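The values are calculated or read from the model by the stated rules, or taken from the named source; none is laboratory data. The shown structure was predicted, so the numbers you read here are calculated from the model rather than taken from an experiment. Counting neighbours? That spans all protein chains shown, and the Cβs are built from the backbone with ideal geometry, glycine included. We work out accessible area using only protein heavy atoms, side chains counted, and drop any ligands, DNA or RNA first. Shrake-Rupley method; radii C 1.70, N 1.55, O 1.52, S 1.80 Å.
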Amino acid sequence: MPTIRALLLASFCLAFILLHDTADAADKPVFRAGAATSNITPPIGADSRVRTSRPPATHVHDELHARCLVLDDGEAKLALVVCDLRHMSAEVAAGGKEIIQRMTGIPPECVVISATHTHTSGGAKLEDRAGEPYYDYAAFLTRRIADGVLRAFNQLEPARIGWGVAEEPTQVFNRRWFLMAKRGPIYGAHDNIEQVDTNPGYTGLLRPAGPVDPQITFLSVQSTDGKPISLLASYGLHYVGGIQANTISADYFAMFAERIGELLGADRHQDPPFVGIMANGTSGDVNNLERYSDEELAKRGPQPKKRYQSYEKAREVANLCAEKVSAVHKSIKWHDHVKLSSLQRTLTFTRRYPTKAEVEWAEAVKAKKIKPMSTSRYSTYQTVLAYASPDIPPTMDVIVQTHRIGDLAVATMPFEVFAEIGLELKERSPIQPLMNISIANGAHGYLPTPEQHHLGGYETWIGVNKVQLDASVKMVDALIEMLGKLNDKPQ
Ligand SMILES: [Zn+2]
């Protein structure tokens, strides 16, 4: 019966092939990605308490969003959220993560919730005004962030991933400067003579007190048939501004998100929609105001001064950044699968208290015994006295995270981090390239280096700086050690 034998043999072979194929497919984990946005715009007029530098909003130019990207390697998941907010409250981030874990199973150490630092938005503290039931923005925000991640999670689909590093050096300027002698002494928060001045005007400048980071590190995900799903970038630029007073806007971050979608060929009507995301890198001492030393100004000669309409500058910066990213994006390497791993640590820092001399100064000002020479808008004797209070807890816990996405690393920090700290992390990271995300999982003030503390200037003053003077050294060492651990894990 050769025919039956042949048939039997053929069916054995078929069964083997089928089994083998199934086993192969089961062995090979599928990489998936999903992205979504949640609208987090507060009600008009409701944010007077959180928009300390501006009057309450009477208009919304563009809606604020929590932009969410979820990655899944078949075993581990990672959720990356960037919110159009000035700050990220640690409580809101923790609350959001709790809901995310309940709904999706993604543990808190695999979730990053950060703020872009757009100055034309709120923070998270928008509670009832005294005696007036109003609006609990923190609760709304927490829920909307969790919803965004859940929606991204629901939309997970097989995907490819790639990453790259673009550069846009023309839009970042260190805002702390040594001044020419002709400018006279700089008086700071406590009438100490400081060595550097923050946002010192445009003439009489000697040299910047620190570097800038011109890199735009990005990661990109697309469906297996090439449809763009999301691109997340990070650039060390405080914000751009040029936005009308009393108006809510997500600044250049959202304009970048929109433009990069167009440049990558995302269809406005694709389903689900493409999600562009721009996170804040390390920009504590970096802004978009073009400042040059007197020497450099003389070399450059008179420059035409462009007058910008509202939003025009933000759009210009966003478009420039998107074009730089898009150019590098053309030649990135696509991976069908990468492994994800995450590490989180809580660092306990000593809270910064004013020195005895500072308290004496503040008490003397309060008692009108001395008139402060400082013309600072930012820091007053009240801040010093408030921070001298024994009611302030002596330590502060902050969350730092590192994530590995194939050969791309991510470090997150809950501060407005100085550019040189981000550069040091990039230099020392055992995994290259490194994407820095600041104002992540909390916001605990500026983070200068000990050397920058020594130079003084606004960002180093008590009130806006809350932790021990060497906190940056401890944080960088912790992050590098964590990146080392991720690097040692088998891929
Ligand atoms: Zn700021």
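Quick look at the numbers
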read-out	value
Of Lys182/Lys371; Lys77/Lys333; Lys339/Lys489, pairs whose Cα-Cα distance is over 19 Å	Lys182/Lys371; Lys77/Lys333
Sequence-distant lysines (8 or more away, or on other chains) whose Cα lies within less than 27 Å of Lys306	Lys324
Protein-only accessible surface order, largest first, of Asp397, Asp470, Asp488, Asp285 at 1.4 Å	Asp488, Asp397, Asp470, Asp285
Per residue, in Å², the accessible surface of the chain once ligands and nucleic acids are set aside, probe 1.4 Å	45 Å²
Proportion of all alpha-carbon pairs of the stretch 318-417 beyond 23 Å (%)	60 percent
Distance (nanometres) between label positions extended 7 Å along Cα→Cβ at Asp27 and Glu167	4.4 nm
Inter-part distance where the stretch 56-71 and the stretch 224-290 are each reduced to a Cα centre, Å	11 Å
Rough spin-label spacing in nm, given labels placed 7 Å along Cα→Cβ, for Arg207 and Arg345	3.3 nm
The chain, accessible surface, carbon-and-sulfur percent (1.4 angstrom probe)	55 percent
Cα pair count fraction exceeding 33 Å, expressed as % - the chain	41 percent
Chymotrypsin sites (Phe, Trp or Tyr not before Pro) restricted to DSSP loop in the stretch 202-291 with at most 15 other C-beta within 10 Å	Tyr202
Reachable aspartates and glutamates, given that their alpha-carbon falls under 15 Å from the alpha-carbon of Lys366 and they are not under 8 places away in the same chain	Asp191, Glu358
Net charge, Glu420 excluded, C-beta distance under 9 Å - Lys, Arg +1, Asp, Glu -1	-4
Placed amide H near His65: partners under 5 Å, 5+ positions off or other chain	Ile40, Asp84
Sorted largest first, extent of the stretch 196-343 alpha carbons per principal axis (Å)	56, 35, 29
In the stretch 252-329, the GluC sites (Glu not before Pro) that fall in loop regions by DSSP, at most 13 other Cβ within 10 Å	Glu290
Approximate spin-label separation Asp488-Lys368, in nm, with each point projected 7 Å along Cα-to-Cβ	6.4 nm
Cα-based helix-to-principal-axis angle, 137-154 vs the chain, degrees rounded to 10	20 degrees
For the stretch 234-298, the spread of Cα positions along each principal axis, largest first, Å	53, 30, 22
Karplus-derived 3J(HN,Hα), 6.51/-1.76/1.60, for each residue of the stretch 431-439, Hz, glycine and proline x	10, 10, x, 10, 9, 9, 10, 9, 6
Rounded to the nearest 20 debye, dipole of the chain from Cβ charges on Lys, Arg, Asp, Glu	820 debye
